[in-house]
Amino acid sequence: MALDATFYALVGLILFFALIAYLKVPGKIAEALDARADKIGNELAEAKRLREEAQSLVAEYQRKRKDAEAEAANIVAAAQREAERLTAEAKQKTEDYVARRTALSEQKIKQAESDAINAVRAAAVDLAISAAEKVLATKADASAQETLFEQALGEVKGRLN
């Protein structure tokens, strides 16, 4: 057997494997791989937990959003009802005001009409008295005038009492 390069390569390879086995490199590699697998498993578990937590937060925020939307809809509906109530109230107050003003105007018109009728009557009475005075002055003498005056005076006293 010749000691050539192949033999020395084989001896070096065997020594290399022996050294690796002596230094427990495969165990250390296995430990490192196991540690890395444990770390990856922990990271996956943490990621799964975070995902579930995020899903629960999303569900909670969606519920809160729906609640907020429902509350906003209720607020809008309440504001709309309040606006309709205020509108109806304002309309009723306006109608009442118009009715009061109409009644007051009609009352003022009736009063003015009554005053005008009384003024016309007073003017007619004054005109009649004036005409009667002229007629009586031309047709009646002093004794007849005195008798008529006494009768008119008695009639006026009777009406006043």
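The values are calculated or read from the model by the stated rules, or taken from the named source; none is laboratory data. Keep in mind it's a predicted model, so treat the numbers as computed, not measured. Positions of Cβ are backbone-derived with ideal geometry, glycine not excepted, and every protein chain shown enters the neighbour counts. These accessible areas exclude ligands, DNA and RNA; they are computed on the full protein's heavy atoms, side chains included. Shrake-Rupley method; radii C 1.70, N 1.55, O 1.52, S 1.80 Å.
Data overview
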item: Sulfur and carbon atoms: percent of accessible area, the chain [1.4 Å]; result: 63
item: Accessible area (Å², per residue) of the stretch 12-125, counting only protein heavy atoms and a probe of 1.4 Å; result: 88
item: Backbone HN-Hα couplings from phi across the stretch 149-159 [Karplus 6.51/-1.76/1.60, Hz, Gly and Pro as x]; result: 5, 5, 5, 5, 5, x, 5, 5, 4, x, 6
item: Radius 14 Å from Cβ of Leu57, net charge of other residues (Lys, Arg +1; Asp, Glu -1); result: +2
item: Within the stretch 1-84, trypsin sites (Lys or Arg not before Pro) in DSSP loop having at most 13 other beta-carbon neighbours inside 10 Å; result: Lys24
item: Mean ellipticity per residue at 222 nm, deg cm²/dmol - from DSSP H runs of n ≥ 4 across the chain, formula -39500 (n - 2.57); result: -35500 deg cm²/dmol
item: Structure-derived Kirkwood radius over Cα pairs in Å - corresponding label in (1) 30.2; (2) 16.6; (3) 19.0; result: (1)
item: Rounded to the nearest 20 debye, dipole of the chain from Cβ charges on Lys, Arg, Asp, Glu; result: 340
item: Cα long-axis angle, helix 25-139 against the chain (0 to 90 degrees, to the nearest 10); result: 10
item: Which of Ile75, Ser105, Ala131, positive extreme of dipole for the chain (C-beta unit charges); result: Ile75
